[in-house]
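Notes to accompany the following structure.
Just so it is clear, none of the values below were taken in a lab; they were calculated from the coordinates. Computed from a prediction, not measured in an experiment: that's the story for all the values here. Cβ coordinates were reconstructed from backbone atoms using ideal geometry, including for glycine residues, and neighbour counts include every protein chain displayed.
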Amino acid sequence: MNDKQTQFLVSICKHPDLSLAKAGIYAPTADLPVGTEIITVANRAWPLIDEACDEVLIDILRDKEKQGIPVLLIFQGGEFDYHSFEKLNSDTPVTDGHPYVVAASQFVRWEKRVLQMFKFYREYIRNKFLVFTNIITVVLELKNMGPGIRNDVDTLHVIQREKTRRDLIRLKMSTKAMKLDRRLSQHINRLTSGKFVENLTKKLKAEYFARLQAEYISVAMASRDKDAEPMTAEENAQLLKDAKTFAESDAATKASGEADKEAQRMLAEIQAELGQQIAEEFPEHEKEYVEFPDSDFEKLIGFGKDERVKVLPLGAGIVLNGFKPARNAVYRGTLFKCIDFNRMIPGQAALYERRQRGIDVVLNSGGAFSNTYFMTADANSQLGFAQCQAIEVGANFDRSELRTRDYKNIASAVYVGQVLSGGRIHGQAYLIQPGNDGVLFTVIGTKVYSASKPTELCNFKPLPLPLGSTTEEDAAACNNEHCHHCEE
């Protein structure tokens, strides 16, 4: 047994309230009119979304726009990939990875990197989805926790932790830089003050006076004839008097100029030395103030109030056609929320939610896909029964980016529901799957909606086998008719 003491490093960061009751269940101020369609996708993990799945979604929206059907689009949690935001924490620019991450990492200031990533995200939503005029609103639900799939609270944690760490470093840097700057200011005040120059002038004047007087006497003695008689006392006194007069007039001018030069030289030397230390302790780009609302995810995402985008708090849900302000209660509606626990069987999580809350529910599962319909006793009537639905919408991100393994029961799906007469919403999740040609598609009613190119899910790779006599060229070729890499 190892009795050696171990030191644990504990990091405490801000954690959002993850209770659905406290985060809130939001509802439109008015019921959606009959004929309105609700479309949702989940677990997109932007920027690592599956482009082919997005193309299927856009194809559906394009068809709804042609028909003039109003659409409420919900991105149902798991919207951001925290691993991509973690890469921005590097002190050097990222050279490989998603183009958005590489481009954002070129900024020196970390806050600007994160803000640039969210700028890319806003441009993506505007260019892909807000171009459709029939979209009423795009609702962003943010995932609070998740069973193995990337979630949005982790993205916020990555940002908050790095923000706190860098703020502490900047505080230390700025404190040391302020001390150095204070020392520099003291030196500047000392060197530029009249007292310093005056004292230095006096000192230099005394040095110059002694030297000039000695030089004057030396020159005068050297100019005397060698055969001349020794100088008398009167002549010595006169020589000293002349030397003093000469030295005083010249020493004052030289000392004054030299004192100014010496003060400037010392000032330049100290400024260079301390200025370099200040620059090293607190770089110029760190002095710039960058507004960064790291605790407010809605402001961090940054959609304007006039845009057709609503961002719900972490862990919140939205209920449609079930909110009655007069009764201040939620009933009979359809709840769209993010899953916060895992069930191994597809449909089980949604079924539990439906039983607990008493209203229809559409979940963004941990990648599971299911449609469950059943009947139960109507609470308002002893003789009536109510039709119920509990639906799980699968994943929508690029599964080649999974960090650990292929998760069980994972599937891509899109939910499409419609408001029927009486306000009831009926819909189902439709599986997005690759066809024989590898192109992702889904079938809704009698229509097929598809992407434009084969998916990477069918990523067959060539495996040369020794099947008799083959040439070098044949051995290197892929003999799999489903290999879409070869087709490209």
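For the reader, a short list of remarks on this structure follows.
- Amide H contacts of I444: Y449, each under 5 Å away and 5 or more positions distant or on a separate chain (H built 1.01 Å from N in the peptide plane; Pro and chain starts excluded).
- Less than 5 angstrom separates the built amide H of D81 from those of W46, L48, all sequence-distant by 5 or more or on a different chain.
- Between the amide H of I38 and those of L72, G417, Q418, V419, distances stay under 5 Å, these residues lying 5 or more places away or on another chain, with hydrogens modeled in the peptide plane.
- 21 Å Cα-Cα threshold exceeded, pairs from K112/K287; K119/K287; K119/K305; K203/K261: K119/K287
- Peptide packing: for 26-38, 153-165, the average count of neighbouring Cβ atoms within 10 Å per residue gives the ranking 153-165, 26-38, highest mean first.
- Working ranking of peptides 167-177, 415-425 by packing, defined as the average number of other Cβ atoms within 10 Å per residue, highest first, is 415-425, 167-177.
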